[in-house]
Amino acid sequence: MRLLFVALVLTTLSGIASAQFSGSPAPERHYTILGISIVGNRTGDPQTIISQSGLYKGEQLTLPSDVIRAAVQQLWNMGIFSKADIVIDKQVAQSDSSAGLFLSIHVAELPHMNKYTIEGNKEIKTTDIDKALSLREGDYLRPWELDAGKTRVKALYEKEGYHFATIAFSEVPSNDSTNKHDSSRVDLTISINEGKEMIVRHIDFEGNDHVSSSDLRGAMDDTKQKVWWNIFSSGDFDEHKYEDDKKKIVDYYHSKGYRDAQILSDSVWTTGENNLSILITVFEGSKYYVRNIAVVGSQVFTPDEVRDHLGFHKGDVYDIVRMETNLHGPTQDFSDVGSLYYDRGYLASLNKEETVVPGDSVDILVRVQEGKEHYFRYVDIKGNTKTKDYVIRRELFTRPGDAFSRAAVIRSMRQLAALNYFNQEKLQPELYPQPDVTDVDITYNVEEKSSDTFNASIGYGGTAGFQGSVGLSFNNFDITDPLHGGGGEVISVSYQQGQYQRSVSLGFTEPWLNQSPTSLGVQVYTSYSTYIYTSTQTGASLSLGRRFKWPDDFFRADWTLSALHSNITNGGGIYTTGIHDETAIQQVISRTSTDNPIFPGTGSEFALLTRIAYLPLASIAPNQPANYYRNGLTMKFYTPMLTSGGQNKVVLMTLADIGQMGGIGPNPFVPPTELFVMGGSGLVTGVYTIPLRGYPDARVGVQSGVAQNNIYAPGGDAYARYVAELRYSVSLEPIPIYLLGFAEAGNVWQDFSHADLFDLKRSLGVGARVQVPAVGLIGIDFGYGFDPIGPFGAPSGWQTHFQFGKGF
């Protein structure tokens, strides 16, 4: 209404300006502006106002004049006046056909805002209201800006369910003004009456004869009715989300075959002080089934191949939503028809035509315009302020000259996400198909985030006590440009201190040796441990890794050559004192196809480990050298259970982990530190610990030692562990946070001949994770162990596991 009023005033004033000249002698008579004065200005400079009007002394014009109307409009456009008018003060005849005019510009300035205060707000922070109002002290107080700010504040309250909040503005002359009658500066008070939070109590439907109201309510993602038994529903009402939810109701009908379904009407009204009721009237129509599917225009693929990817057969319910997804995609596994063409380089146009057959059937005609095969031309990168271009380009699967492939674009995005150098939400590709040619340009937009950090971690285990570490980890280092970095190399130094051990390590990794997918790493470390036994160990390792192209390019292999020198000063009854040496080679063949390093939403992880430690000549070491082998297999699968806004919000992670080891050679010897133990969060670094929540650290396994000061020496040659973990993503950026519930089972046996897959230690629990810059993944879990730690006894019960900088 205020904007309408301003428009009416503007039109009226323009008319007045014209009317001022309505008594002019003749339309053809010419006039010369002899002078211009300003009336009513308080702080505005007169010459500036005249200049902004566009009028000037000596200007020739005729009356009525569009120049005068334009001058009034330009004065209004300055946005500092509540009134603007142009008046003839005096007319001087010069000849029969010309005269001179003296004009005056009458203005009324808007007041300056000295300061403003906000009162009455409790549910919305003052800083958020400040941001929505966008007012600055000292600016002109423009009514249209106040109206826009009021609308934005109202939107904040509506988002929180306060749909009847009112915002009022009141102006008073500023006490800071020296002239009490001077209204050029005012103080503004924003008074807010928040009202009551509106809660949706009832959502009812009419006209739904074939689909239940509960199913229709379930189709609405954000608009939920508040009932006492549903603790997860707040009952908040958001008008914009409500409109989206109405579309989802129609989509739900379409997915059930009701292609003619629509919402006829809906109403929202208050019941009581702060309760809302919703009534939606629907028209369902008939339920349709697929009769025939015809495909025309397909040459690269046969019609049968296109129909197979549509996934419909004669007699199937006509699910419009699934039909559209399977036609244009992308589906979760990219098996849609669009992906079929896009992955072969064809930006095909796919159109669907429906013909209703009398009764309850539909014939589908898919028209395909394949066009020509397209190729990548320019591949550009924007936003990388630190990471060098070549570090990003070597991870890309979209190279100039290659055939266009959407799968290659998606794979490139996964690779960039796995680097963990960039903001996940801002990581977006832009495609630019070139008209009249078969080229496609692509730009990868990235936003750098902190990756080179000082890190610290601390954790606690019932047996291991507190474990902590500090270190520097430069995860995007460049040895040729150490001050700037951005070369993708990793250099780290860390110090760990626990109740029974301490260690120092230094490592360096080049992930792309000679700009090929070959990694090279080196690490040196030393440690001192008093857990079970007392020892000093010094070791070094050299690793080499390579990404494969077969069976696919998700596979890689890593080989590590390591040497360890141990000095055992107290064997603890299980270890021979003296010098022990170990030389080992390890191979890990792995495949990783996850989409996110912090919160994987889809994909899988697979790792097959083989380790051999062997010194055939006993004379090389003064005491028994390590002669053993170890095999391990780990499989993880990530299954999306709920997707919202294009992101996987609920994901099921399942894990199977088994291992087996034994001695080799004429003098087999497995160091006690290499035996498998299980329990807790795996914090104990002096032994080979496998996590098992719900049980104390390093307490599950074969008891090969005797308890001494509550310290046990478990260990075995075989283990198995199984995990099912349901994860819910609270947020991914800027700080990843997710909640989880888990079920685990595992055990350690003397060897596989004694393994019993029905003899597992079981647990259930809940937990949370948050990825904090400069610290890492912070986690806490509460697990209940249903079985005793050993063969007999009471259940393990509730156990708390938490850590900083390490995840399960």
The simple spin-label model distance between residue 516 and residue 335, using points 7 Å out along Cα→Cβ, in nm, is 3.8 nm
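Let me spell out the model: positive unit charges on the Cβ of Lys and Arg, negative unit charges on the Cβ of Asp and Glu, origin at the Cα centre of region 497-621. What dipole size does that give, in debye rounded to 20? Intermediate results must be reported in sequence, preceding the final value.
Values: 7 positive and 8 negative charges, 10 e Å.
In debye, rounded to 20, region 497-621 gives about 40.
Work out the length of the dipole vector of region 720-794 about its Cα centre, built from +1 on the beta-carbon of each Lys and Arg and -1 on the beta-carbon of each Asp and Glu, and round it to the nearest 20 debye.
200 debye
Hey, what number do you get for the chain at 222 nm if only DSSP H runs of n ≥ 4 count, each worth -39500 (n - 2.57), divided across all residues, to the nearest 500? Mind showing how you got there, number by number?
Numbers: 12 runs with 129 residues, N = 808.
It comes out at -5000 deg cm²/dmol, rounded to the nearest 500.
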Nearest-10 value in Å² for the accessible area of residue 390, using the 1.4 Å probe:
90 Å²
Could you tell me what a quarter of the Cα convex hull surface of region 344-426 works out to, in nm² with one decimal place?
8.2 nm²
Evaluated at 4 °C and 1.567 mPa s, the Stokes-Einstein D of the chain based on the Kirkwood radius over Cα pairs, in µm²/s, stands at 38 µm²/s
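How would you order 538-550, 412-424 from highest to lowest mean count of nearby Cβ atoms within 10 Å?
Most protected by this proxy first, the peptides run 412-424, 538-550.
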Hey, what's the chain come to in accessible area per residue, 1.4 Å probe, Å²?
49 Å²
FRET efficiency, residue 378 to residue 127 (Cβ-Cβ, R0 45 Å, nearest 0.05):
0.55
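For the chain, with only Lys/Arg (+1) and Asp/Glu (-1) charged at the beta-carbon, what is the dipole magnitude about the Cα centre, in debye rounded to 20?
On the way: 69 positive and 91 negative charges, 257 e Å.
Approximately 1240 debye in magnitude.
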14 Å Cα-Cα reach of residue 57 towards aspartates and glutamates, excluding residues that sit fewer than 8 places from it in its own chain
none
Convex hull around the C-alpha positions of region 514-613: the volume in Å³ per residue is 149 Å³
Dipole of the chain (Lys/Arg Cβ +1, Asp/Glu Cβ -1, origin at the Cα centre): which of 121, 583, 70 lies farthest to the positive side?
583
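Are any of the pairs 125/426; 196/256; 115/154; 150/246 more than 32 Å apart by Cα-Cα distance, and if so, which? Mind dumping the intermediate values first?
Values: 125/426 27 Å; 196/256 39 Å; 115/154 22 Å; 150/246 28 Å.
Flagged as over cut-off: 196/256.
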Could you work out how far apart the two model spin labels at residue 550 and residue 647 are, taking each label as a point 7 Å from the Cα in the direction of the beta carbon, and quote it in nm?
4.1 nm
Placing +1 on each Lys and Arg Cβ and -1 on each Asp and Glu Cβ in the chain, then taking the dipole about the Cα centre, the residue among 427, 596, 790 whose Cα reaches farthest towards the positive end is 790
Set the Förster distance to 30 Å, then compute FRET efficiency between residue 608 and residue 579 from the Cβ-Cβ distance, nearest 0.05.
0.35
Can you list the aspartates and glutamates whose alpha carbon is less than 16 Å from that of residue 287, not counting same-chain residues fewer than 8 positions off?
209, 251, 260, 316, 319, 354, 360, 363
Rg(Cα)/(2.2 N^0.38 Å) for region 263-422, N = residue count
1.49
Positive dipole terminus of the chain, leading residue within 362, 484, 668 (C-beta point charges):
668
Round to the nearest 10 and give me the degree value, 0 to 90, for the angle of helix 2-19's Cα axis relative to the longest principal axis of the chain.
30 degrees
Quick one: length gained pulling residue 656 to residue 757 fully straight, 0.36 nm per residue minus the C-alpha distance?
35.1 nm
Accessible heavy-atom area order of 249, 118, highest first, probe of 1.4 Å
118, 249
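Determine the order of 512, 269 by accessible area, beginning with the largest, at a probe radius of 1.4 Å. Mind dumping the intermediate values first?
Values: 512 25, 269 110 Å².
Greatest to least solvent exposure: 269, 512.
Report in % the part of the accessible area of the chain that belongs to carbon and sulfur, leaving out ligands and nucleic acids; probe 1.4 Å.
On the way: 21990 of 39780 Å².
Using a 1.4 Å probe with all protein chains present, the chain comes out at 55 percent carbon and sulfur.
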Need one value: the accessible area of residue 159 in square angstrom, 1.4 angstrom probe, rounded to the nearest 10.
130 Å²
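How would 86, 320, 658 rank on accessible area, largest to smallest, probe 1.4 Å? Show your work: numbers first, answer last.
Numbers: 86 0, 320 25, 658 60 Å².
Order by accessible area, largest first: 658, 320, 86.
The values are calculated or read from the model by the stated rules, or taken from the named source; none is laboratory data. Computed from a predicted structure; not experimentally measured. Glycine gets a Cβ as well: all are built from the backbone with ideal geometry, and neighbour counts include every protein chain shown. The accessibility values were calculated without ligands, DNA or RNA, using every heavy atom of the protein model including side chains. Shrake-Rupley method; radii C 1.70, N 1.55, O 1.52, S 1.80 Å.
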